[in-house]
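Engineer: Okay, handing you the structure first.
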Amino acid sequence: MRLTAQEKRLHARLLRLFATIQMLIITGTYWGDEGKGKIVDLLSCLYDLAVRYSGGAGAGHTLQTPDGRRFVGHLIPCAIAQGIRCILGRGVFFDIRRFLAEIKDAKGALGKNLPPIWVDKYSPVWTPWHRLFEQWLEYSAGSGKVGTTGKAIGPLSGFNVLRVGLQVHHLFQDPKVLRNRLRRLYRALKPDFDQMVKLGIVRRKDIPLPTHVELALLKDAKKIRNMVTDTAFELSGAYTAGLHILFEGAQAPGLDIDLGTWPYVSAGHSVAAGAPIGTGLPLSAFAKAMVLMVMKALPTRVGAGPFPSEIWGRIQSEVFALEHPDLFKDTLARARFLAEKLALINSGKARLEDWSQYFQVLGYEKGATTGRGRSVGFPDLMWLHYAIRINGPKYFALTRLDMLSGLKIIPVVVGYKLDGKRLKRGEMPDTDDLARVEVIYEYWEGWRRDISGITEWKKLPLKTRQFVKKLEQRLGIPIVLIGTGPGRNHIIVRSVRKASNVTSVRRSSAAA
């Protein structure tokens, strides 16, 4: 495909930053939905392979190609849009039904000639029973439910740890092996299913029998037979051969099973350290790997769990998008709504819900998987310092900076207080305490001009550049990519040659 002059300049700038990085790990920063798909899509053309090392069908990612085509993926890495070979590593929770539907969607959005896609033979396999069991867990939790995406990633992971269930390779063995594994899983779950029927949560006829699940899986398995392999072995060969590999994380640190806001988390390892765990490559292979963390200008969260910088209520935010679908379409009503809310915010008379609704509509903040409205928060330096501590990024990518255009002031969380005591930089309390921290704000100067679509650093308003530099210096990590819109080419690539000030701030922060 012939590149435009602008695309050639962009490619050359990206090469200067990433050409020598054989192993690149891309992770989120807050609770997901941060634009990782856009950054993966942008950088994947520099790599030979793209690997998804965690997550499952509940981890949606959206990308928009230069010609306006839009693709929402869940299992397949976003690099598919660039024609790069894609791998679903062992750490991925595999939903064969969703995977086949996604391939169909990808062909429709991106063209029929998709690049090769490999599926790990040892990944755990989803069944309809996992979804029913998750429904039971959420019902049993009452008001303490997690608020999952409903894709049953947690139960799939849990039963895999319990050594109950099946993996991809079982679909291609003696049918008796598959049948026995399915029967064992069904027996383990049947008492709960019986209780669900008794309580009227589900109808008996909606609980498939093992024979029906077996037939459906075997039918679908025929369609992926040529894609299944030992991906850890293949990746080992690729690394040894010197191929450049991009590792795509799912969700973000806040949803990591061990380092996130447990129990309001997903089931996988979404931090950078999940890459060796979810691929089978040795730790030594990542000795010179680079971590690029993606942060959205305004963090968002769906489901339950603490969100210190949250502007408005979680449930209200989720329902707002469902009750006002017209505002999430490109209409005159949407334009009027945004103009009125922005004027109210800049007048100093806006309520918290006005701020939240403005950002929700402006950013089309609806989940790619669930369709729920995302609750929006202000930038949170305390959480970012924690994310830096556990991921060790070399660079940041800042997405959707254009969403801050037009604001007179931008509230930024710079500290947490717990029981009257200010927490240290990088310190993170447990989940219950995080839900009750008192946040400390600074009010940074905004800018009036709309920066949407700008691709040159020098063309940004002075106050925008000052905002980015201030954020960069507070975090101590260079911000090398700045997103100014949803499209692949709506990006600014910054040089890191003058990052000495950032480095010094980072050292002083560590000392503190």
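The values are calculated or read from the model by the stated rules, or taken from the named source; none is laboratory data. Everything quoted here is computed from the prediction, not taken from an experiment. Cβ coordinates were reconstructed from backbone atoms using ideal geometry, including for glycine residues, and neighbour counts include every protein chain displayed.
Engineer: Which one is farthest from Tyr186 (Cα to Cα) among residues in region 116-169 that are among the hydroxyl-bearing types (Ser, Thr, Tyr) and in a helix (DSSP H, G or I)?
Structural biologist: The selected residue is Ser143.
Engineer: Follow-up question, since we're still on this one. If you scan region 425-440, which residues turn out to be surrounded by 14 or more Cβ atoms within 10 Å (Cβ to Cβ) and either more than 25 Å from Trp31 (Cα to Cα) or touching a residue at least 24 places away in the same chain (Cβ under 8 Å) (or both)?
Structural biologist: Arg425, Gly426, Met428, Thr431, Leu434, Ala435, Val437, Val439, Ile440 - these are the residues of region 425-440 that are surrounded by 14 or more Cβ atoms within 10 Å (Cβ to Cβ) and either more than 25 Å from Trp31 (Cα to Cα) or touching a residue at least 24 places away in the same chain (Cβ under 8 Å) (or both).
Results for (1) out of contact with any Ser or Thr (no Cβ under 9 Å at 6 or more places or on another chain); (2) at pLDDT 95 or above, shown as yes or no for each residue.
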residue: Asp354; (1), (2): yes, yes
residue: Tyr364; (1), (2): yes, no
residue: Gly377; (1), (2): no, yes
residue: Asn391; (1), (2): no, yes
residue: Ile410; (1), (2): yes, yes
residue: Val413; (1), (2): no, yes
residue: Arg422; (1), (2): yes, yes
residue: Gly426; (1), (2): no, no
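Engineer: Does Arg204 satisfy the criteria of being surrounded by fewer than 19 Cβ atoms within 10 Å (Cβ to Cβ), free of Cβ contacts under 8 Å to residues at least 60 places away in the same chain and within 19 Å of His170 (Cα to Cα)?
Structural biologist: No.
Engineer: Okay, moving on. Within region 318-327, does at least one residue satisfy the condition of being in a helix (DSSP H, G or I), within 19 Å of Ser405 (Cα to Cα) and among the small types (Gly, Ala, Ser)?
Structural biologist: No, region 318-327 contains no residue that is in a helix (DSSP H, G or I), within 19 Å of Ser405 (Cα to Cα) and among the small types (Gly, Ala, Ser).
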